[in-house]
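Everything on this sheet refers to the single structure shown next.
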Amino acid sequence: MSLVVAGGLLAGCAGGARHPAEATHDGGSRQSGSPSPGASPGTTGTPSGGSDAAAFTPAADLVPRTAGAARRLADSVVLAPTDWGRGFTAQNPAASTPGTWPVLDAGCRWEREKLPRGVLASTSRYSRLPADGGKGTVDVTAAVTTHASVLGADDQLGTTLENVLRCARQQLRADERITGLMSLGTPFGAREQQYADASVLEAGTYTGASGGAQPYRWMVARVGTVVAAVSVTGAKGWTQPELDRLGTTALAQMLTRVQQQLKEK
C-alpha cells in the first residue's frame, strides 16, 4: 500500500542536524508518547495514507516474537542508500553496531548501549547525498526498532519527547551538537495524523566541526510494535520544504514496508 506524503513538516521551526552513526535517535524507553508541554514546533505535514493506513492492524501471527524474526523485519524495512533516491551513497560507517541502540545519558550525550530487555532488534543505516550543482551534502539516517510489546514501542516515542524536555541541547560527538530542540507528539486519529499509531516530530539546529549551523529534522512513527524513524540534515542550497519532503517520503516508504510485512497474506 502506498502512503502519500504531505508537505512542510514542522514548518517554521529552527533548524537542526543528522544523527551520526554513534548517536542516532532510534531508541530509548520511558513513558508513553504525548506532546511535549511547552513545545510548539508549528504546523505539521506528514506521511498520510487515508482510510487504508488508518485501518491497518498487524496480523498477530506475523508480529516478530524473537530477536531473529525482529532483525529480519528491521533489515527488510530500513532504507538503504539507493532507497533514498538517485545519487545517495553510504556513509562510513554505513550502519549501526548490531545488538545496540542509542541512549541519551545524564549529561545529554548520545552513547550506544546494548539492547535492553524488551527491545528485540534495532537497525540504523546512514546515507548521504554528496554536494552537487551548488547544493551541499545532505546526511540522512533511517532507523527501525522492533519491540516485544506495543507498550515498549510506545515508550520509545515517549522517551523521544522526554529527551527534548530534559536536554534541549544534545551532544552527538565532541565537535557535533544539536541545540534549540523542540518536539511534537501526535496520536493516531488527529486530523494531521492518519498514517500510524503515533508519531513524534522533532526539530533543532545542528552544528558540526565547521561551525556552520544546519537545519535538522527527526521524524518517528509507530505501527504496532515497530518504530520507524528518519533524520535529515540540511546543507547549503537546500530549502526547508525540500528537506522535509525528503524525510517524509522516506518515512512513508518505511511505513509502507512495515505494513506489507505485517498484513494478513
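The values are calculated or read from the model by the stated rules, or taken from the named source; none is laboratory data. Since this is a predicted model, take the numbers as computed values, not measurements. Methodologically, a virtual Cβ is constructed for each residue, glycine included, from the backbone with ideal geometry; neighbour enumeration extends over all protein chains shown.
A quick yes/no check of all residues on (1) touching a helix residue (DSSP H, G or I) at 6+ places or on another chain (Cβ under 8 Å); (2) hydrophobic (A, V, I, L, M, F, W, C):
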{"site": "ALA143", "(1), (2)": "no, yes"}
{"site": "LEU151", "(1), (2)": "no, yes"}
{"site": "GLU162", "(1), (2)": "no, no"}
{"site": "CYS167", "(1), (2)": "no, yes"}
{"site": "LEU172", "(1), (2)": "no, yes"}
{"site": "ASP175", "(1), (2)": "no, no"}
{"site": "ILE178", "(1), (2)": "no, yes"}
{"site": "LEU181", "(1), (2)": "yes, yes"}
{"site": "GLY185", "(1), (2)": "yes, no"}
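Filter the range 101-141 down to the residues that are closer than 18 Å to TRP218 by Cβ and among the β-branched types (Val, Ile, Thr), then identify the one that is surrounded by the most Cβ atoms within 10 Å (Cβ to Cβ).
Checking each candidate, the answer is THR141.
Among the residues of the range 213-230, what is the count of those that are among the hydroxyl-bearing types (Ser, Thr, Tyr) and modelled with pLDDT under 95?
The total comes to 1.
Would you confirm whether or not the range 236-245 contains a residue that is in contact (Cβ under 8 Å) with a residue 60 or more places away in the chain, among the aliphatic types (A, V, I, L, M) and more than 14 Å from ALA203 (Cβ to Cβ)?
no
Could you count how many residues in the range 226-253 are surrounded by 18 or more Cβ atoms within 10 Å (Cβ to Cβ), more than 15 Å from the chain's Cα centre (by Cα) and more than 14 Å from THR137 (Cβ to Cβ)?
The qualifying residues number 1.
Whether any residue in the range 208-215 is under 26 Å from LEU151 (Cα atoms) and either in contact (Cβ under 8 Å) with a residue 60 or more places away in the chain or acidic (Asp, Glu) (or both) is what I want to check.
Filtering the range 208-215 for residues under 26 Å from LEU151 (Cα atoms) gives none.
Among the residues of the range 208-215, not one is under 26 Å from LEU151 (Cα atoms) and either in contact (Cβ under 8 Å) with a residue 60 or more places away in the chain or acidic (Asp, Glu) (or both), which makes the answer no.
Are there strands (runs of 3 or more DSSP E) fully within the range 80-197 with at least 2 residues that are among the polar types (S, T, N, Q)? List them. Lay out the reasoning, then the answer.
Working: elements: 89-95, 100-104, 110-114, 119-129, 138-147, 170-173, 176-187.
Hits in the range 80-197: 89-95, 119-129, 138-147, 170-173, 176-187.
Only one of GLY224, GLY237 is on the phi > 0 side of the Ramachandran plot, touching a Leu at 6+ places or on another chain (Cβ under 7 Å) and small (Gly, Ala, Ser); which?
The match here is GLY224.
Inside the range 101-138, can you point out the residues that are in contact with a Ser or Thr (Cβ under 7 Å, 6 or more places away or on another chain) and aliphatic (A, V, I, L, M)?
LEU115, VAL119, LEU120, ALA121, LEU129, ALA131, VAL138
Would a scan of the range 164-175 turn up a residue that is of a type in the set (S, T, N, Q) and out of contact with any Cys (no Cβ under 7 Å at 6 or more places or on another chain)?
Here is the first cut: in the range 164-175, the residues of a type in the set (S, T, N, Q) are 170-171.
From the residues that got through so far, the ones that are out of contact with any Cys (no Cβ under 7 Å at 6 or more places or on another chain) too are none.
Scanning the range 164-175, I find no residue that is of a type in the set (S, T, N, Q) and out of contact with any Cys (no Cβ under 7 Å at 6 or more places or on another chain), so the answer is no.
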